[in-house]
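Engineer: Please see the structure below; I have some questions.
Since every read-out is calculated from the coordinates, none of them should be taken as a lab result. All values derive from a computational prediction rather than experimental measurement. So basically every Cβ, Gly included, is an ideal-geometry build from the backbone, and we count neighbours across all protein chains shown.
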């Protein structure tokens, strides 16, 4: 891949999520972290477009719900809501979502600009994906709106939107404490590099992750066609918009216990050594950012090293080693 193509691919990679029945997307370069909804502070004088404050890596950040900007009804939240931590050039803030759906490289030809958009509109363009429309968020419009205090937002009892039962409150409080206990995140100046971001997933009951710069797409349920006569660790092939991709069953390839079966077929599509593969896994977890000051990599193993994030031990897969393995033979389909 040429440097220009790599830059264009990286520029157009988006994380997409659902809010109120619609799908929205934010460029992955602007996402610091995804987390389950923690307990937020809510001082009395906050404007109604801000649903709370969160202390995040020595910053106190605003948390918003985009439904306020889109004149949509705001339902009650639950402990299952997910929070995106977003970084622009000037500020960090949180966006509450119903559910994070995955990561997609957007084809520029399928992005439609909104002709009447202005700097106050938080939707800047539309993306057509599998007969659905994904609204691309203009995070810089949100940044500008957060700086303005003269807007007339609907009167809403924000506190009543959050779970009030003790069990939920305790869970959210523990999440907030876990955020406070994390070591301070060292924010890179300028662009956030994909090499510091990871997609985490589960194989059996263990946690693994892959560096984001290898990841081209994440699908929570893929249609896989079995190919007779192939090794057992080759699950089959999948047709991704006309591109046939070999699906590797990671548990079988890595000689892990493979007795656990899922109804759904989540896959992570990676590209390395000019080879594109789909890794079949048990469960896709989250996107997170992790900076290391000192690390020792094992380039001769399928497992590069381990890291601890939010109290969870992750094993980083060596994608370069896996995709260059002689056991993986790709033929023309």
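Engineer: Using the 2.2 N^0.38 Å rule of thumb for compact globular proteins, work out how segment 11-62 stacks up: its C-alpha Rg over that value, please.
Structural biologist: Values: Rg = 13.6 Å, N = 52, 2.2 N^0.38 = 9.9 Å.
Relative to the 2.2 N^0.38 Å estimate, segment 11-62 comes out at 1.38.
Engineer: Still on this structure, I have one more. Evaluated at 4 °C with a viscosity of 1.567 mPa s, what Stokes-Einstein diffusion coefficient in µm²/s does segment 194-323 have when Rh comes from the Kirkwood expression over alpha-carbon pairs? Could you put the intermediate results ahead of the total?
Structural biologist: Numbers: Rh = 15.1 Å.
Estimated diffusion coefficient is 86 µm²/s.
Engineer: Turning to a different aspect of this structure: If packing is taken as the mean number of other Cβ atoms within 10 Å per residue, what is the order of 160-166, 199-205, 219-225, highest first? Please report the intermediate quantities before stating the final value.
Structural biologist: On the way: 160-166: 12.6, 199-205: 17.4, 219-225: 14.7.
Descending mean neighbour count gives 199-205, 219-225, 160-166.
Engineer: At what distance in nm do the modelled label points of residue 166 and residue 239 sit from each other, each positioned 7 Å from its Cα along Cα→Cβ?
Structural biologist: In this crude spin-label approximation the distance works out to 5.7 nm.
Engineer: In addition: Report P(r) for segment 3-181: all Cα-Cα distances, bin width 5 Å, range 0 to the bin holding the largest distance, values in whole percent.
Structural biologist: Per 5 Å bin, starting at zero, the Cα-Cα P(r) for segment 3-181 comes out as 1, 7, 16, 20, 21, 16, 9, 6, 2, 1, 0 percent.
Engineer: Next up: Using 0.36 nm per residue of separation minus the Cα-Cα distance, give me the extension gain between residue 148 and residue 130 in nm, one decimal. Don't skip to the end; give the middle numbers.
Structural biologist: Numbers: separation 18, 0.36 × 18 = 6.48 nm, distance 3.71 nm.
Result: 2.8 nm gained on full extension.
Engineer: Once you put a point 7 Å from the Cα of residue 46 and another 7 Å from the Cα of residue 232, both along the Cβ direction, what distance in nm separates them?
Structural biologist: Using points 7 Å along Cα→Cβ, the separation is 5.3 nm.
Engineer: Based on the mean of other beta carbon atoms within 10 Å per residue, what is the order of 307-315, 12-20, most packed first?
Structural biologist: Going from most to least packed, we get 12-20, 307-315.
Engineer: How big is segment 239-282 by the Kirkwood estimate over distinct Cα pairs, in Å? Kindly include the intermediate steps, with their values, before the conclusion.
Structural biologist: Values: mean 1/r = 0.0874 Å⁻¹.
Hydrodynamic radius (Kirkwood, Cα pairs) of segment 239-282 is 11.4 Å.
Engineer: Return the FRET efficiency for the residue pair residue 109, residue 313: r is the Cβ-Cβ distance, R0 is 41 Å, and the value is rounded to the nearest 0.05.
Structural biologist: Numbers: r = 42 Å, r/R0 = 1.02.
With a Förster radius of 41 Å, E is 0.45.
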